[in-house]
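K.L.:
Submitted below is the structure of interest, expressed as structure tokens.
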Amino acid sequence: MIELETRPEIALDFSELVREHQSMVFSVCWHFLHDRDLAEDVAQEVFLGLHRNMASIQSASHAGHWLRKVAVQRAIDAGRRRVRRPQVALADVAEPVADTPVRDPMLKETLRRLIATLAETPRMVMILRYQEDLDPTEIGQVMDMPVATVKSHLQRSLALLREKLTRRGVREDRWTG
Amino acid sequence: MDWLEQELRDALARKEPPADFASRVVRRAERPVYRFPRWLAAAAAVIVLAGAGLEYRQYRGEQAKEQLLQAFKIASVKVNHIQTEVQGVGK
């Protein structure tokens, strides 16, 4: 009466795909959600979705594209479902120490937190640009968005970050040495 | 690339998930999935609906029977009353 469904024949390929793409999927979720546990849950769901759709995956690179697109969608959905906005408010972002030496690790965290305060679309655009190193055309394909819109989000987000860092006393010459 | 973009690249560098992430995902994915066949679900739905229909018909029958008995009772009281009246007229 009850059918037992197992798919041992694809287990090996699937586990290889998980190992190959886990840092990409997890990082997209983590940088977008700024919540490690939630990012892990969402990343798991993304891979389970891949497992259910293995029959339609034609190659390893197809799997990579599929995973990136689904990770982006699932992360955005999870962000919307979350009761609170990212647990970071601009007011909570720590001020970098004024006389810090080049490449202060605190500055990285400040930047991550500033990115977490961006609206969902520009935030994901920034993550795909600087984490995944995608160009605007590729970002447009992943997010189903015109290239001009992607470029506009990038420019505005960069200008906003620059302005916020400057307002916090962080200047280019301070950390480029 | 300017300084801010370089800093962004560093800040948004990929991160590794927990060490056992991949093995947990694979274990979860390979967990057997129990699925009821569609025909069984449809048959169960038909049986439930048919059963509910029968129950409802029985309930309506009981209701009708009670209403009829009530009507008989009322009619019987009226007939008795009229009979008493008629007998009184002859005396």
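The values are calculated or read from the model by the stated rules, or taken from the named source; none is laboratory data. All of these numbers come straight from a predicted model, not from anything done at the bench. Every residue, glycine as well, gets a Cβ built from its backbone with ideal geometry; the counts of neighbours run over all protein chains shown.
K.L.:
Considering only segment A:142-155, how many residues are surrounded by 14 or more Cβ atoms within 10 Å (Cβ to Cβ) and in a helix (DSSP H, G or I)?
P.N.:
9
K.L.:
Looking only at segment A:136-173, count how many residues are basic (Lys, Arg) and more than 17 Å from A:Ala119 (Cα to Cα).
P.N.:
Total satisfying the criteria: 3.
K.L.:
Mind listing just one residue for me: the one in segment B:16-36 that is in a helix (DSSP H, G or I) and not charged (D, E, K, R) and, of those, farthest from the other protein chains (Cβ to nearest Cβ)?
P.N.:
B:Ser23
Conditions (1) in the same structural domain as A:Cys29 (by TED's automatic domain parsing); (2) more than 16 Å from B:Asp10 (Cα to Cα); (3) of a type in the set (A, V, I, L, M, F, W, C); (4) at pLDDT below 95, marked per residue:
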residue: A:Asp99; (1), (2), (3), (4): no, yes, no, yes
residue: A:Tyr130; (1), (2), (3), (4): no, no, no, no
residue: A:Glu138; (1), (2), (3), (4): no, yes, no, no
residue: A:Leu161; (1), (2), (3), (4): no, no, yes, yes
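K.L.:
Find the residue count for segment B:1-28, including only residues that are over 30 Å from A:Leu165 (Cα atoms) and either surrounded by 12 or more Cβ atoms within 10 Å (Cβ to Cβ) or touching a helix residue (DSSP H, G or I) at 6+ places or on another chain (Cβ under 8 Å) (or both).
P.N.:
8
K.L.:
With respect to the numbered conditions (1) more than 19 Å from the chain's Cα centre (by Cα); (2) at pLDDT below 95, which one is the sole condition not fulfilled by A:Thr110?
P.N.:
Only one criterion in (1) more than 19 Å from the chain's Cα centre (by Cα); (2) at pLDDT below 95 is unmet by A:Thr110, namely (1).
K.L.:
Sticking with this structure for a sec: Looking at B:Ala52 and the list (1) surrounded by 10 or more Cβ atoms within 10 Å (Cβ to Cβ); (2) more than 7 Å from chain A (Cβ to nearest Cβ); (3) assigned to a loop (DSSP other than H, G, I, E, B), which single condition is not satisfied?
P.N.:
Failed condition: (3).
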